[in-house]
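The values are calculated or read from the model by the stated rules, or taken from the named source; none is laboratory data. This is a predicted model, so every value here is computed, not measured. Heads up, the Cβs are rebuilt from the backbone with ideal geometry, glycines too, and the neighbour counts pull from every protein chain shown.
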Amino acid sequence: MIRQVRTSPGAAYDLGYHVVWCPKYRRPVLGGRVKTRLEELIHAKADEHGWQIVALEVMPDHVHLFVKPHPKNSPSYVANQFKGFTSHHLRAEFPHLRSRLPTLWSRSYFAATVGAVSAETVQRYIETWYERAPKGDGHA
C-alpha cells in the first residue's frame, strides 16, 4: 500500500485506526443477512463522514475494521459512530436481535492507531484472520 496523505484546511494527515467491537455477551449473531447488512451500514457511515475503509472483516461474534478518519475524529467517536448507527438499523430490520439481546453491541471496544506496525500488516491481519483461527474457535 502506498502512503496516502490526505489534506484538509490546515492539516495534512495519514491516520488509521484498527477498531474491534463485539455483540453483547459476544453472541454469534453476525452471520448471513445480518453480516451483509452490517457491512453495507459500515460503508454508508464511513461515506457519510468521508472516512476510508481499508479493511473490514465481520465474524459471527466480532467486527474488525481498519479505517482512516479525519484527525479531528477521536477513536472513541469513530467507534461510537459505527456502533450506534449499525445498532439502530440492524435492530429495526432484524427483530430477533431485539429479542435476544438487550443492546446489540457491548459497551466496550478495542482501538489502536496504526503506526507501531505498518498499515499493510494491519490490513493483512484483518483480511487473513479467519485462515489462522483455530478450527471451531471463531474468536479473536
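Figures for the structure shown
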{"quantity": "Residue count, the range 65-79 (criterion: among the small types (Gly, Ala, Ser) and surrounded by fewer than 18 Cβ atoms within 10 Å (Cβ to Cβ))", "calculated": "2"}
{"quantity": "Any chance Trp21 is aromatic (Phe, Trp, Tyr), more than 10 Å from the chain's Cα centre (by Cα) and under 19 Å from Tyr109 (Cβ atoms)", "calculated": "no"}
{"quantity": "Where Pro23 falls short, out of the listed (1) in contact (Cβ under 8 Å) with a residue 60 or more places away in the chain; (2) farther than 15 Å from His89 by Cα; (3) not charged (D, E, K, R)", "calculated": "(2)"}
{"quantity": "Single residue of the range 81-140 satisfying the filter (among the β-branched types (Val, Ile, Thr) and surrounded by fewer than 16 Cβ atoms within 10 Å (Cβ to Cβ)) that is modelled with the highest pLDDT", "calculated": "Thr103"}
{"quantity": "Residue match in the range 9-20 (condition: among the β-branched types (Val, Ile, Thr), in contact (Cβ under 8 Å) with a residue 12 or more places away in the chain and part of a loop (DSSP other than H, G, I, E, B))", "calculated": "no"}
{"quantity": "Output for the range 21-58, where each listed residue is acidic (Asp, Glu) and part of a helix (DSSP H, G or I)", "calculated": "Glu39, Glu40, Asp47, Glu48"}
{"quantity": "Qualifying positions in the range 43-94 - β-branched (Val, Ile, Thr) and closer than 17 Å to Arg6 by Cβ", "calculated": "Ile53, Val54, Val67, Val78"}
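Rundown of residues vs (1) charged (D, E, K, R); (2) loosely packed, with under 13 Cβ neighbours inside 10 Å; (3) at pLDDT 95 or above, yes/no style:
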| residue | (1), (2), (3) |
| --- | --- |
| Val5 | no, yes, no |
| Pro9 | no, yes, no |
| Gly16 | no, no, no |
| Lys35 | yes, no, yes |
| Lys45 | yes, no, yes |
| Met59 | no, no, yes |
| Val63 | no, no, yes |
